Amino acid sequence: MSGRDDPFKRASVIVAHDGAYPYDAVVPPIVQTSLFTFGSCEEMASTYRGERQRYVYSRTTNPTVRLFEEKIAGLEGADDAIGFASGMGAISGSVLAFVEPGDRIVCVKHVYPDAYRLFETLLKSWNVSTTYVDGLDHEAVAAALPGAKLFYMESPTSWLMQSHNVAALAKLAKANGVVTLIDNSWATPVFQQPVTLGVDIVLHSASKYIGGHSDVVAGVAAGRVDLIKQIRTKICPYLGAKLAPFDAWLLLRGLRTLPARMQAHEAAALSVARRLAAHPRVAKVYHPGLGNHLPAGLSGTSGLFSFEFDSTVDIPAFCDATKLFKLGVSWGGHESLVVPALVTRGQAAGPNSALDFGVNENVVRLHVGLEGADALWDDLSNAITGSTRR
Ligand SMILES: *Cc1c(COP(=O)(O)O)cnc(C)c1O
């Protein structure tokens, strides 16, 4: 594959329903209701018999939520999607739909810490085991897959931005009859469409780029119609972590600017990453866009990356000295953020766990927001100068 996809190629999906809203409004209404009434007992009975499809109760589904699900399915090139109250709701709801006691999951290293903890605490106590593999080592993945129920991926990963060959790994899983899931929060469907690469289910923390304004916690799973139906019927009614109408409306608003925001995050983050790579106090930059070509499957890069200082920089002093980069977890919003690995590393999983992130204490993660690369660079370079030990 040569060249790059047009990030705006999928914008038509986002605006697809415009003009069809009540009063010809360009923005959909928030159908802020828990229940929907029936016109007659016969209408209610036939709905319950499954002969009629209509809205009943918002824990199952709601028109505003449904509109968001349809747009995500369209953006991901998937048959269907289902919204959740958080990214972790999407992850746990999807995983639980496909595993039973005695089953085994194969998982790439360095996944989101709470996904790892889901596998190592709750699922372990239910006799579901997890094998961790290096996603760059295809032989190790191939050796681990036979007999597994699920293959759980995250690419790029969200600390070292390790990028896997998603299509090749999905093919290996398919050959072993293993259902594949991927956390696509980093790239978004603007820069990576895993379903088109052979993945069965795509997961998002919509709290990140899809929402894009740091004002909503939400999640979504997209994929093959039968698999999404399994999540919808086997898990959602009982665990109930369904997306709420107002949150779906915020996400629909966020989607409007997703392609434009992703281009802006990409350009600013690349500019900052290149300047960091040339800085004498910086030992290494972890950004998948700095090589001669992008990793297979990615058509662009987002605003989240990390780098490693040399030993002369006082990292807590650096983090305290930045003004535009605020100290905080999460990412994907308009604002720039900084997180030092020395704070989150121990909390992530404990020093001996498989989830050591592979990061050392000199690693710092940045989310490059929409403030503009030059202002952000001034902030970073001043903070580095002010926190270098002499
Ligand atoms: C934040 C995050 C999640 C969890 O999403 P929530 O919406 O916070 O539950 C999952 N995966 C990745 C990569 C994340 O960054």
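The values are calculated or read from the model by the stated rules, or taken from the named source; none is laboratory data. Quick caveat: nothing in here was measured; it's all calculated off a predicted structure. Ideal geometry is used to build each Cβ from the backbone, glycine not excepted, and the neighbour counts take in all protein chains shown. Please note that ligands, DNA and RNA were not included when accessible areas were found on the heavy atoms of the full protein model with its side chains. Shrake-Rupley method; radii C 1.70, N 1.55, O 1.52, S 1.80 Å.
Between K174 and K9, what FRET efficiency comes out of the Förster formula 1/(1 + (r/R0)^6) with R0 = 25 Å and r the beta carbon distance, rounded to 0.05? Once rounded, the FRET efficiency stands at 0.45.
Here the Gaussian network model covers the chain, with springs between Cα atoms less than 10 Å apart; of Q263, Q53, Q32, Q53 fluctuates the most.
When the helices of the chain are scored as -39500 (n - 2.57) per DSSP H run of n ≥ 4 and the total is divided over every residue, the value at 222 nm lands at -10500 deg cm²/dmol.
When the Kirkwood radius is taken over all Cα pairs of the range 258-387, what Stokes-Einstein diffusion coefficient follows at 25 °C and 0.890 mPa s, in µm²/s? D, rounded to a whole number, is 163 µm²/s. Its residues counted as N, the range 8-121 yields a C-alpha radius of gyration over 2.2 N^0.38 Å of 1.40. Taking all Cα pairs closer than 8 Å and separated by 6 or more residues, the relative contact order of the chain comes to 18 percent.
Ranking of C41, C319 by solvent-accessible surface, largest first: C41, C319 (1.4 Å probe, protein heavy atoms only, all chains present).
Extending 7 Å from the Cα toward the beta-carbon at both E361 and L35 defines two label points whose distance is 5.8 nm. Could you tell me which of rounded, prolate or oblate describes the range 15-255, using a ≥ b ≥ c as the square roots of the eigenvalues of the alpha-carbon gyration tensor, with rounded for a/c under 1.5 and, failing that, prolate when a/b is larger than b/c and oblate otherwise? Prolate is the answer for the range 15-255, as a/c is 1.5 or above and a/b outweighs b/c. Could you tell me whether the range 168-257 comes out rounded, prolate or oblate from its Cα gyration tensor? Rule is a ≥ b ≥ c as square roots of the eigenvalues, rounded for a/c under 1.5, then prolate if a/b exceeds b/c, otherwise oblate. Taking the square roots of the gyration eigenvalues as a ≥ b ≥ c, the range 168-257 is oblate. With the cut-off at 1.5 for a/c, could you classify the range 152-308 from its C-alpha gyration tensor as rounded, prolate or oblate? Oblate shape, in that a/c is at least 1.5 and b/c is the bigger or equal ratio. Taking only the C-alpha atoms of the range 56-166, Rg followed by Dmax gives 15.7, 49 Å. Structure note, pairs K174/K242; K124/K326; K208/K323; K9/K174; K9/K149: Cα-Cα distances above 27 angstrom occur for K174/K242; K124/K326; K9/K174; K9/K149. Its Cα gyration tensor gives the range 280-323 an equivalent ellipsoid. The semi-axes, each the square root of 5 times an eigenvalue, are 27, 13, 6 Å from largest down.
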